[in-house]
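The values are calculated or read from the model by the stated rules, or taken from the named source; none is laboratory data. For clarity, every value in this text was computed on a predicted model and none was experimentally measured. All Cβ positions, even for glycine, are placed from backbone atoms using ideal geometry, and neighbour counts span all protein chains on display.
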Amino acid sequence: MSSTVTITRQDGIAVVTIDNPPVNAVGQAVRQGLWDAVPVLEEDASVQAVVLACAGRTFIAGADIREFDGGSMQPWLPDLVERIHASSKPWIAALHGTVLGGGLETALGCHCRIADSRTKVGLPEVALGILPGAGGTQRAPRLTGAAAAVQLVTTGAPISAAQAMEVGLVDRLSDDLTADAMTFARDVAGKPVPRLDPAPAQTDLTADDWDKLRAEVAKKARGQISPVRAFDSVRNAFTMDLADGMKAEREIFLELKETDQSKALRHAFFAERAVGKPAALKSGTPRDIAQLAVIGGGLMGSGIATAAISAGYPTTIVEQSAEAAQAAQDRVAGNLASAVKRGKITEATRDATLALLTTTDDFNAVATADLIIEAVFEETDVKRAVFDKLAATARPDAILATNTSYIDPTSFTAQVPNPERIMGLHFFSPAHIMRLVEVVKTPDTHPDVLATGFVMAKKMRKVAVLSGICDGFIGNRILGAYGRMAGYLLEDGASAAQIDGAMKAFGMPMGPFEMFDMAGLQIGYANRKREAATRDPNRRYSRIPDLIVEDGATGQKTGRGFYRYEAGNRAALPSPETDALIAAERAAQGITPRDFTDAQIVAMLHAVQVNEAAMILAEGVAERPLDIDVVKMMGYGYPRWRGGPMQQADAYGTAQVLATMQAIADADPASWQVAPLLREVGVQNSPFAARNK
Ligand code: 3H9
């Protein structure tokens with residue numbers, strides 16, 4: 001018997017305990033331990049019933065995802081679940097924590113289930129690009145019926161213990177799990193073992209209904225295949241007996257496990273956890289933050305403050321006038337009200353959260369703060385003025401952070417004593433919803449200060465990624481290359497609708513031009529005017545976005561940008577005026593419009609992002625390719641099932657990405673240069689993933 005699985009006996013009840021921290025994943029050692037336990041308990045005449053429980057914070061949270069790339073290691077989980085189910089003695093699963101994937105499937109193989117009332121149960125496999133492969137798609141429908149099973153399996157979203165009880169996945173709820181599981185075992189000991197009916201499950205759904213449901217699942221999945229294939233497997237439960245359904249499920253599981261999508265989603269899972277452990281943080285010890293201050297209560301500042309108080313930090317917003325302070329207070333209250341409306345928090349939580357907020361026009365309020373986040377207008381001089389005041393008012397040991405999204409923090413903080421306490425905390429808008437934070441390290445930032453930023457972000461349920469200094473940091477710098485290429489493609493003959501359509505088919509939630517229109521064209525316009533003097537005159541400059549703004553159109557808010565918008569409607573419609581303007585500009589530049597295929601558009605827009613990312617890596621602005629992937633997935637809507645641009649480059653083959661980039665650079669060497677690192681990996685067609693260590 002393995003050390004991760006132990007058996008104790010008490011008055012005819014055996015308790016099998018799994019102890020495999022941190023989340024009791026059912027890896028090979030656990031499977032082997034349980035596999036060996038079954039016959040031991042079968043043959044032990046003193047045992048009348050078996051409780052299956054887990055030590056630590058949770059029941060089994062799933063199969064061990066780290067084993068997926070190592071080939072199947074016997075015993076397989078589906079066989080183990082069958083073996084438990086075939087036992088002549090009742091097995092009672094005692095559930096607590098997060099009972100997910102293979103964990104729930106193991107519990108479904110047991111004959112009875114009792115759950116601590118705070119338990120969450122779910123089948124999240126589709127989020128890893130696979131489907132529940134140990135009977136989940138066959139046993140769950142037989143217990144819950146079609147609707148709940150489709151929901152559980154195709155969304156992957158967990159449900160509460162009470163909901164699990166309601167749909168039939170759990171038999172009893174408990175507030176004293178250890179004792180109540182023993183009682184349950186005694187209640188069923190010696191009685192006929194309850195078993196699942198292996199006949200096809202019953203449903204009123206017609207073939208037409210199933211087809212419609214499938215179409216809905218596919219639409220929501222936006223290119224991701226696992227929810228659709230998982231749906232197919234659930235449907236099998238209503239036409240096949242258990243054994244055939246299991247066989248079909250296994251086939252789909254093995255098919256999905258090998259797809260690029262599943263590899264990308266597994267990469268995303270581990271990358272999101274690895275970004276929290278950059279090398280630069282190894283020597284850092286986070287400081288305690290009892291009081292936070294945010295300078296500026298606009299959209300960004302009030303979003304950050306909302307996230308801060310929601311994480312339990314007492315927070316003061318400092319504004320320039322009493323009216324602006326009140327407006328900030330109202331904005332935060334509005335953010336929380338909409339969280340109540342969406343069912344995310346209760347009214348009581350809203351009130352308790354809002355009680356942590358103070359707003360003021362008195363700058364001296366920052367004097368008591370342990371960490372101060374500047375979130376004022378994106379202008380070097382405006383930010384410098386704030387840091388002048390902070391130098392005089394904040395405690396000398398208070399951590400000072402700036403939310404700048406482009407500007408080098410050292411360009412406006414040089415006058416501040418103790419520069420080791422300064423960092424960037426680049427939140428994304430809306431800051432109380434978007435999960436990404438770039439933690440920006442200046443040459444002086446102390447590791448303790450960075451570690452504090454990471455801990456604070458985690459408490460806010462955000463994902464922090466370390467970035468060095470460069471124009472736009474990791475995310476916006478890559479966005480710059482993407483936007484520039486999109487602009488050239490437009491000028492060269494592709495339409496905004498074609499480019500956006502191609503990128504949406506690739507899996508982006510919106511295309512670049514819809515994104516520009518939504519953000520508003522005036523900000524980019526102002527930036528370009530400001531940078532005009534320092535721009536490389538040899539680099540191609542597409543005037544189209546400037547001409548659109550100068551024609552009075554600044555995007556969605558004004559009803560016209562790259563597209564036309566009807567009042568109160570965000571749907572992007574063709575704009576004959578903008579189209580005429582683009583055609584005139586092409587003619588003025590002597591450009592004969594060319595045709596591009598969607599595949600070319602996608603490949604080119606991908607290659608320039610990877611090329612920029614390769615420079616970012618070589619400069620040390622990002623530590624690892626996975627940091628870049630997480631930034632793009634969490635901050636820019638890059639489809640998780642593609643795993644980010646670097647993972648996608650590996651899936652295409654870096655040689656292919658290099659070839660695309662080389663062609664772009666050859667066609668316009670003044671505007672594009674192949675990054676040496678992309679050349680290095682591409683020549684050998686070696687994956688970026690090898691640099692994730
Ligand atoms: C499956 O079950 C397939 C089946 O159908 C069978 C087919 C045959 N494996 O997230 P955290 C690690 S697929 C390996 O930071 P939290 C994680 O990497 C699986 N490792 O904690 C991290 O390691 P590190 C279906 C795992 O409290 C540490 O545990 N199940 C696994 O915020 C702590 O994790 C899922 O998809 C795993 N399954 O959240 C559940 N899970 O410290 C995936 C976690 O080295 N897991 N680790 O960075 C989760 O959703 C969350 O981890 C959980 C805890 C909610 C459990």
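The figures follow:
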item	result
Filter pass, K277 being within 14 Å of the ligand (Cβ to nearest atom) and outside any helix (DSSP H, G or I)	yes
Sole residue being of a type outside the set (S, T, N, Q) and either within 16 Å of the ligand (Cβ to nearest atom) or surrounded by 24 or more Cβ atoms within 10 Å (Cβ to Cβ) (or both), chosen from V167, V99	V99
Flag if A293 is out of contact with any His (no Cβ under 7 Å at 6 or more places or on another chain) and either of a type in the set (S, T, N, Q) or not assigned by TED's automatic domain parsing to the domain that holds A325 (or both)	no
Residue check, V449 more than 27 Å from N364 (Cα to Cα) and surrounded by 23 or more Cβ atoms within 10 Å (Cβ to Cβ)	no
Residue list for region 143-171, restricted to those being over 29 Å from Q224 (Cα atoms) and in contact (Cβ under 8 Å) with a residue 60 or more places away in the chain	V170
S174 vs. criteria more than 30 Å from A457 (Cβ to Cβ), more than 16 Å from the ligand (Cβ to nearest atom) and crowded, with 20+ Cβ neighbours inside 10 Å	yes
Any chance A49 is of a type outside the set (D, E), within 11 Å of the ligand (Cβ to nearest atom) and in contact (Cβ under 8 Å) with a residue 40 or more places away in the chain	no
Residue tally, condition in a helix (DSSP H, G or I) and more than 10 Å from the ligand (Cβ to nearest atom), over region 54-71	2
Residue list for region 228-262, filter: within 14 Å of the ligand (Cβ to nearest atom) and within 17 Å of the chain's Cα centre (by Cα)	S262
Selection from region 55-95 of residues that are surrounded by fewer than 17 Cβ atoms within 10 Å (Cβ to Cβ) and at positive phi	G56, G71
Test: residue in region 24-31 that is in contact (Cβ under 8 Å) with a residue 40 or more places away in the chain, within 12 Å of the ligand (Cβ to nearest atom), part of a loop (DSSP other than H, G, I, E, B) and polar (S, T, N, Q)	yes
The one condition in (1) closer than 17 Å to Y638 by Cβ; (2) of a type outside the set (S, T, Y); (3) surrounded by fewer than 21 Cβ atoms within 10 Å (Cβ to Cβ) that A271 fails to fulfil	(3)
Residues that are surrounded by 24 or more Cβ atoms within 10 Å (Cβ to Cβ), more than 8 Å from the ligand (Cβ to nearest atom) and in contact (Cβ under 8 Å) with a residue 60 or more places away in the chain, drawn from region 116-138	T119, V126, G129, G135, T137, Q138
Looking only at region 23-41, and only at residues there that are more than 39 Å from the chain's Cα centre (by Cα) and over 22 Å from I114 (Cβ atoms), the one that is surrounded by the fewest Cβ atoms within 10 Å (Cβ to Cβ)	P39
Wholly within region 321-439, strands (runs of 3 or more DSSP E) carrying at least 2 residues that are of a type outside the set (A, V, I, L, M)	357-360, 422-427
Among the candidates R586, R570, residue that is outside the structural domain of V126 (by TED's automatic domain parsing) and either crowded, with 17+ Cβ neighbours inside 10 Å or touching a residue at least 60 places away in the same chain (Cβ under 8 Å) (or both)	R586
Condition check for K693: at pLDDT below 95 and under 29 Å from A127 (Cα atoms)	yes
Checking A45 against (1) in a loop (DSSP other than H, G, I, E, B); (2) surrounded by 18 or more Cβ atoms within 10 Å (Cβ to Cβ), the condition it does not meet	(2)
